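J.: Following this message is one structure expressed as structure tokens.
The values are calculated or read from the model by the stated rules, or taken from the named source; none is laboratory data. Remember, predicted model here, so these are calculated numbers, not experimental data. Reconstructed Cβ throughout: ideal geometry from the backbone, glycine too, with neighbour counts over all protein chains shown. Surface accessibility is based on the protein's heavy atoms, side chains included, excluding ligands, DNA and RNA. Shrake-Rupley method; radii C 1.70, N 1.55, O 1.52, S 1.80 Å.
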Amino acid sequence: MPLESHYAPQFAAKTGAPAKPFQMAFGAVYIQQRLGVTDRETVELITESPYLQFFIGLSGYQPLLSADKLHPGGANQPD
């Protein structure tokens, strides 16, 4: 993905969690902003919807998608 090459270098490889793919990061922020929901609600919506999972770049529906896959800090992140 062309934007991936510009996005990934913004994150240090040795600190914190690895960067998420651009489509996943942008898609999650777009969903959150468009629907006006919190971080947790965004994760719940994506977890429940195969359409939203496809939109953020996952290859297929993952019914037991964990918050860690979507959010580098997991489910304990503040809203």
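J.: Would you check which residues across the stretch 17-30 are touching a Phe, Trp or Tyr at 6+ places or on another chain (Cβ under 7 Å) and part of a helix (DSSP H, G or I) and list them?
T.: Those that are touching a Phe, Trp or Tyr at 6+ places or on another chain (Cβ under 7 Å) and part of a helix (DSSP H, G or I): Phe22, Gly27.
J.: Go through the stretch 4-49 residue by residue and tally those that are open to solvent by 90 Å² or more (accessible area, probe 1.4 Å), of a type in the set (A, V, I, L, M, F, W, C) and at pLDDT below 95.
T.: Count: 3.
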